[in-house]
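The values are calculated or read from the model by the stated rules, or taken from the named source; none is laboratory data. Predicted, not measured: the structure shown is a model, and the values here were computed from it. Positions of Cβ are generated from backbone atoms using ideal geometry, with glycine treated the same way; all protein chains shown enter the neighbour counts.
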Amino acid sequence: MTALIELERISRTFTTPDGPIRAVDSVSLALEAGEAICIVGESGCGKTTTGRLLSGLIRPTGGRLLYEGKDVWLTKGADLARFRRAVQLVHQDPYSSLNPTRTVFQTLSAPLFRHKKARSGRQALAVVTELLQRVDLTPPEYFLTKYPHQLSGGQRQRVAIARALTVDPTVIVADEAVSMVDVSIRISLLNLLLGLRSEFGVTIVLITHDLAVARYFARSGRIGVMYLGRVVELARTESLVGDPAHPYSAALIAAIPEADPEITRTKKRVELRSAEIPSLLALPPGCTFHPRCPLFEAGLCDALVPELLPIPEQREVACHVAVRERAGEPAAATA
Amino acid sequence: MRGLSIDYLTRRGAVHAVRDVSFDLEKSETLAIIGESGSGKTTLAVGLIRLSPRGTKVTKGEILYTKDGVTSDVRKLDDDDLREYRWAECAMVFQAALNSFNPVITIWEQFLDTARAHGMAGKRRVRDRAGELLDLVHLDARRVLPAFQHELSGGMKQRVLIALALMLEPQLVILDEPTTALDILTQRSIIDLLRQLRQRLGFSMIFISHDLSLAAELADRMITMYAGRVVEHAKVEDMFYRPRHPYSLGLLRAVPRVSGALGNITSIPGSPPDLIRLPVGCSYAPRCPFAIDACREADPPLLAVDTPQHEAACIRWRHVAEVLRSDADVPVAEKLA
Amino acid sequence: MTIAIYARPTLGQRVAGPFVASVEFLRLLSKRPVGFAGFIGCVFFLFLAFVAPLFVPLKNDPSLAEIYQTPSLAHPLGTDFQGKDVLNQIVYGGRDILTIAILAAFFSTTIAITFGSIAATVGGRVDAAIVAITDVILTVPQLVLLIAVAAILRPTSFLFLAVILALLQWSSLLRQIRSQVLSLKERDYVEAARSLDLGLPHIIFREMLPSMRSYIAIHFILAMTQAMYAQVGIIILGLVPISGTNWGIMLYFAQGQGALFFRDSLWYILSPILAIVLVQLSLVSFASGLEEIFNPRLRGA
């Protein structure tokens, strides 16, 4: 089955006065229609840039972005416009994602008029009302005339999602879309996104630094862990969380403070060799994680860059040691 | 703290940010104050050391601080005593992510300024002390002191703020969102650091956060705040496994975890109330699945539940206990699954 | 149909909407004495220049017997060198000047908005070129350039004059608009608009420009004052054909006819000067009041 949208060894390098920064380095990711996937990583790992590459908001400096099998940056005109509408990004900051000078109705109706999904005010009203109901902003009439500053963070994010839905996208990239929202309503926003997936088959890509959120969201999907611009592990969520293959994933999972005193005070940590995160301007040779990695093997890890390779149970990992140890495992071994 | 109430004065009316908050903190105890946006927790924290901005009024209440057997009301301290109280007795660690540093001076100058402001004289003495403190927080003084704030990472900045707070060996350290906006591994190192420091130096800690896991890691006792009031006050294990207030319950159910079973996770519907025009009765009632008519009549007082050290501001706490079914040390989400 | 009432404004609401907004605006303005005074002044002079002439007949007949009379009941501001009533001339004299000022302000604002937005959104060489031209115009002394242009081109129609005046004024607003657009371009909601394929005109005019309303309004008013000065300047210098009566022309004649030297003719010179100065003052005060209203921080509690 061809993937709906695919990143093929995509890279993005930024030139700065201090030198080139490879924010995203040769990332390959194929997404099916209706998939829920999370991209997880700490700050500086390239996940936001990957999200923007996926939505076509920035051009890659290497590799290709394929949508329905075609290279997006080689298409023009109507095809490119179609792609742009098909992949929508929901921003992190609810306070800047909506135009402060326009009401909710104005913001949501503009794309409808533009793309001829509504030809009159009355039609637009009907469609906008339905959209607001779909994102659980009820009663819809109440919200139509509101300006962004009159809404809470969570409500604004819902409007942003509704805005994305006006053009019937096939992929929604949510870039830390719940990080700036109150804890008690994060789950409902995530459920909303998951609902879009189950009802309309929209592929949702959630970018986050919070592994607990990632686990909840992608519990029947996959998680990709990124470190310094590369994907180091890509696996089904329960496999990753139960039995992380890459030492970085293991360190992350072990380090997360949990909302449960019993578990969190007795959790076993993974000790890393160094707490320093290398600068993107001076990446270590070979595997970029090697200075901190507990599985480090001299001569191998500092010499050769590990590729993202498949290991049993439909997973991929970019670690020489992990691949070697697991590639020979029988297919029945998982937690 | 006894019955503290703080109002913000705005054009629209007085915002009752903190309403009648009381708690006791023992020596070497750690208290976590957990609340979301609009709960009043930061106003409370800032009020504790009287750093409240203009336009804020403490309408009533006392903050009693006891040292060497002498109890004084912080609110009534004069300027000199207040300066001594601040930092030497009680220091505050601000959120590193929120521009807590002066961007045009180096970290060393920051140390110097703080030392001077609190009567520590002699550059050499300050230099030595700074070296000691940075060592305590696992930072290399040679690298950090000459740097400017933008040259340091979030984690490093937070450590520097902790070091600064410990300068005069305070008995009480207040931390405002110490791990927010930090990466997972950095958060972990800060939490471990705080644990270590507490063990070594024996200070009491109050930290304010929206992050429940922080409380789970470090706190002995915990308070949940909603709309400016304390809604539940308990030992940490009691709060996490046997909450009695619907808001605490809702909050615990709304936080997903990485380890263990997922359980029944769900959000709290609705939004926090307008703090200027609060509804009559329990301010959580509009969002509460257990609310009955009696709840909307009067603000419920803090009632002792289970044990005297566990209080909840809910008249239906027994019902909450029943819903949870079990009293075991198992997370709430799993109990409800 | 409760839905309709909320979202699609009824005719009553449509009319009420701008009305309510205006009342609110006036309320805010009334709290600022300077701005409010300026507003009243502007309204007064607009009325004087455009409405009054509809009611007051033009008295254009010279009357040698009444040269340079001092103010009296028949002639509240005295008479000029031809015996014509000064007040009458003041009433009729505002129309041309104000019309040209408004036109010039309008043209310069339009040029600034158009090219400022284009420069910021297109970038690259187009941007560099536009900025270079703007900088040149900004540094050239305006009045000198204006005199030169007027002397060479000898504008005969008002429209032409307005266009020339406009051409010299767009530079500062263009800079402002350009820098605002450059910064707004990076906002999340603008990025969303691009990704929703809403089109460049929509993005500029519906997403970005509304936040610049305040600069534009204030610039418009100040451009009017500059245009007035410039007009009067070149009229006095005799670079524009003399026809009709306007305050500038009154000054031209007053000066030419030696009104400076007669005590009795004081009002002939003073009146147009006062008129011009008062209009300028009103405009500037109004602009200052607007600035306070638009800037919430200056608004205070």
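Below are the figures for this structure:
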| item | result |
| --- | --- |
| Number of positions in segment B:270-296 that are free of Cβ contacts under 8 Å to residues at least 40 places away in the same chain, touching a Lys or Arg at 6+ places or on another chain (Cβ under 6 Å) and part of a loop (DSSP other than H, G, I, E, B) | 2 |
| Answer from C:Ile133, C:Ile137 - the residue that is over 21 Å from the mean Cα position of the chain (by Cα), without any contact (Cβ under 8 Å) to a residue 40 or more places away in the chain and surrounded by fewer than 20 Cβ atoms within 10 Å (Cβ to Cβ) | C:Ile133 |
| All positions within segment B:278-316 that are charged (D, E, K, R) and out of contact with any strand residue (DSSP E or B) (no Cβ under 8 Å at 6 or more places or on another chain) | B:Arg287, B:Asp293, B:Arg296, B:Glu297, B:Asp306, B:Arg316 |
| Those residues of segment A:80-98 which are over 21 Å from A:Arg134 (Cα atoms) and either touching a residue at least 40 places away in the same chain (Cβ under 8 Å) or touching a His at 6+ places or on another chain (Cβ under 9 Å) (or both), in sequence order | A:Asp93, A:Tyr95 |
| Condition check for C:Phe19: aromatic (Phe, Trp, Tyr) and modelled with pLDDT of 70 or more | no |
| Output for segment A:244-263, where each listed residue is farther than 30 Å from B:Asp238 by Cβ and assigned to a loop (DSSP other than H, G, I, E, B) | A:Pro244, A:Ala245, A:His246 |
| Entirely in segment A:99-157, the helices (runs of 4 or more DSSP H) that have 1 or more residues that are under 27 Å from the mean Cα position of the chain (by Cα) and of a type in the set (A, V, I, L, M) | A:104-114, A:121-134 |
| Members of segment B:210-250 that are of a type in the set (Ser, Thr, Tyr) and surrounded by fewer than 24 Cβ atoms within 10 Å (Cβ to Cβ) | B:Ser213, B:Tyr241 |
| Checking B:Pro178 against (1) of a type outside the set (Val, Ile, Thr); (2) touching a strand residue (DSSP E or B) at 6+ places or on another chain (Cβ under 8 Å); (3) away from chain A (no Cβ under 12 Å); (4) within 24 Å of A:Ala255 (Cα to Cα), the condition it does not meet | (3) |
| Leading residue by the ranking (surrounded by the most Cβ atoms within 10 Å (Cβ to Cβ)) among those in segment B:273-289 that are under 16 Å from B:Gly35 (Cα atoms) and at pLDDT below 80 | B:Leu275 |
| Verdict on B:Ser283 being polar (S, T, N, Q) and either over 20 Å from B:Lys41 (Cβ atoms) or within 12 Å of chain A (Cβ to nearest Cβ) (or both) | no |
| Every residue from segment A:132-161 that is at negative phi and touching a Lys or Arg at 6+ places or on another chain (Cβ under 7 Å) | A:Val135, A:Leu137, A:Pro148 |
| Every residue from segment A:264-291 that is at the interface with another protein chain (Cβ under 8 Å from one of its Cβ atoms), surrounded by fewer than 18 Cβ atoms within 10 Å (Cβ to Cβ) and not in a loop (DSSP other than H, G, I, E, B) | A:Arg265 |
| Residue in segment C:168-191 that is surrounded by fewer than 19 Cβ atoms within 10 Å (Cβ to Cβ) and more than 30 Å from A:Leu98 (Cβ to Cβ) present | yes |
| Residues (modelled with pLDDT of 90 or more and over 18 Å from C:Arg187 (Cβ atoms)) located in segment A:84-107 | A:Ala86, A:Val87, A:Phe105 |
| Top-ranked residue of segment C:192-214 - restricted to ones that are within 30 Å of C:Leu98 (Cβ to Cβ) and surrounded by fewer than 18 Cβ atoms within 10 Å (Cβ to Cβ), ranked as nearest to the other protein chains (Cβ to nearest Cβ) | C:Pro210 |
| Single unsatisfied condition, A:Ile172 versus (1) assigned to a helix (DSSP H, G or I); (2) touching a helix residue (DSSP H, G or I) at 6+ places or on another chain (Cβ under 6 Å) | (1) |
| For B:Gln196: the one exception among (1) within 13 Å of another protein chain (Cβ to nearest Cβ); (2) out of contact with any strand residue (DSSP E or B) (no Cβ under 6 Å at 6 or more places or on another chain); (3) among the polar types (S, T, N, Q) | (1) |
| Single condition B:Ala337 does not satisfy, out of (1) outside any loop (DSSP other than H, G, I, E, B); (2) over 25 Å from the mean Cα position of the chain (by Cα); (3) at pLDDT below 80; (4) aliphatic (A, V, I, L, M) | (1) |
| Lone qualifier among A:Pro140, A:Pro148, A:Pro169 - being in contact with a strand residue (DSSP E or B) (Cβ under 9 Å, 6 or more places away or on another chain) and either at pLDDT below 90 or surrounded by 22 or more Cβ atoms within 10 Å (Cβ to Cβ) (or both) | A:Pro169 |
| Subset tally (residues that are in contact (Cβ under 8 Å) with a residue 12 or more places away in the chain, among the β-branched types (Val, Ile, Thr) and in a loop (DSSP other than H, G, I, E, B)) for segment C:220-268 | 2 |
| Failed item, numbered, when C:Leu182 is tested on (1) of a type in the set (A, V, I, L, M); (2) under 23 Å from C:Ile111 (Cα atoms); (3) within 14 Å of another protein chain (Cβ to nearest Cβ) | (3) |
| Residues satisfying the stated conditions in segment A:100-117, i.e. of a type in the set (S, T, N, Q) and more than 14 Å from A:Thr129 (Cα to Cα) | A:Thr101 |
| Yes/no for A:Val167 being in contact with a Leu (Cβ under 8 Å, 6 or more places away or on another chain), assigned to a loop (DSSP other than H, G, I, E, B) and either at positive phi or within 10 Å of another protein chain (Cβ to nearest Cβ) (or both) | yes |
| Of residues in segment A:185-235 being acidic (Asp, Glu) and more than 14 Å from every other protein chain (Cβ to nearest Cβ), the one nearest to the chain's Cα centre (by Cα) | A:Glu233 |
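Here is a yes/no grid of residues against (1) assigned to a strand (DSSP E or B); (2) in contact (Cβ under 8 Å) with a residue 40 or more places away in the chain; (3) surrounded by fewer than 16 Cβ atoms within 10 Å (Cβ to Cβ):
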| position | (1), (2), (3) |
| --- | --- |
| A:Ile39 | yes, yes, no |
| A:Ile58 | no, yes, yes |
| A:Gly63 | yes, yes, no |
| A:Ala78 | no, no, yes |
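Okay, residues lined up against (1) buried (at least 21 other Cβ atoms within 10 Å of the Cβ); (2) at the interface with chain C (Cβ under 8 Å from one of its Cβ atoms):
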residue	(1), (2)
A:Leu53	yes, no
A:Lys70	no, no
A:Arg84	no, yes
A:Val90	yes, no
A:Ser97	yes, yes
A:Pro100	no, yes
A:Ser120	no, no
A:Glu130	no, no
